[in-house]
1. What is the stretch 3-114 by shape, rounded, prolate or oblate, if you read a ≥ b ≥ c off the alpha carbon gyration tensor as root eigenvalues and call it rounded for a/c under 1.5, prolate for a/b larger than b/c, and oblate otherwise?
2. Of the peptides 76-82, 42-48, how do they stack up when ordered by the mean number of other Cβ atoms within 10 Å, highest first?
3. Pop the C-beta distance of residue 76 and residue 173 into the FRET formula with R0 = 45 Å and round what comes out to the nearest 0.05.
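Nothing in this text is a laboratory measurement; each read-out follows from the coordinates by a stated rule. Computed from a prediction, not measured in an experiment: that's the story for all the values here. Reconstructed Cβ throughout: ideal geometry from the backbone, glycine too, with neighbour counts over all protein chains shown.
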Amino acid sequence: MKTTLTKLTKIKRNPNNPRVIVDEKLERLVNSIRNFPEMLEIRPIVVNDDMVVLGGNMRLRACKEAGLKEVPVIKASNLTDEQQQEFIIKDNVGTGDWDWNILSTEWDSDLLDSFGLITWNGSDVDLDDFFEDDTSEKNNVNKIVLEYTDEEYPRIIELFGLHQGTKESVVWDLLQP
């Protein structure tokens, strides 16, 4: 696959991209592109034959906001539909913020797991394992206990930071359908 310089107007954002673009991160990327546009040659936008983005939706948007007219693109013509889906997830599995609603309704959780994106299937979890009863007269409250690896913990803190309120209200909001 070779990289070609392509007009931004020919590239289509992926409407089913399950990645969430956070404004703060987008602004940092816009500044990064303005200060180091050569980065795009090293990590071009990846599209399918229809010029729909498979990897680089956030870069595409940042390039537009940075005022670029053309960007380096790799056309992944040899990928099957299944491989395209796999690429979309794997391209962001380590760093992406996800739209969990799209993932839960449009994607198979076993497939996502096989791509390296850790998902939750409520049917195989005993929720009692997450709750502890504090029966002291003073507190008489229930607690939810979550455990994370050292690698997962910073990401969890980042995700909680996207919400406002007390710890309890953030968890409550996240649990709402």
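1. Oblate is the answer for the stretch 3-114, as a/c is 1.5 or above yet b/c matches or exceeds a/b.
2. Descending mean neighbour count gives 42-48, 76-82.
3. Result of the calculation: an efficiency of 0.75.
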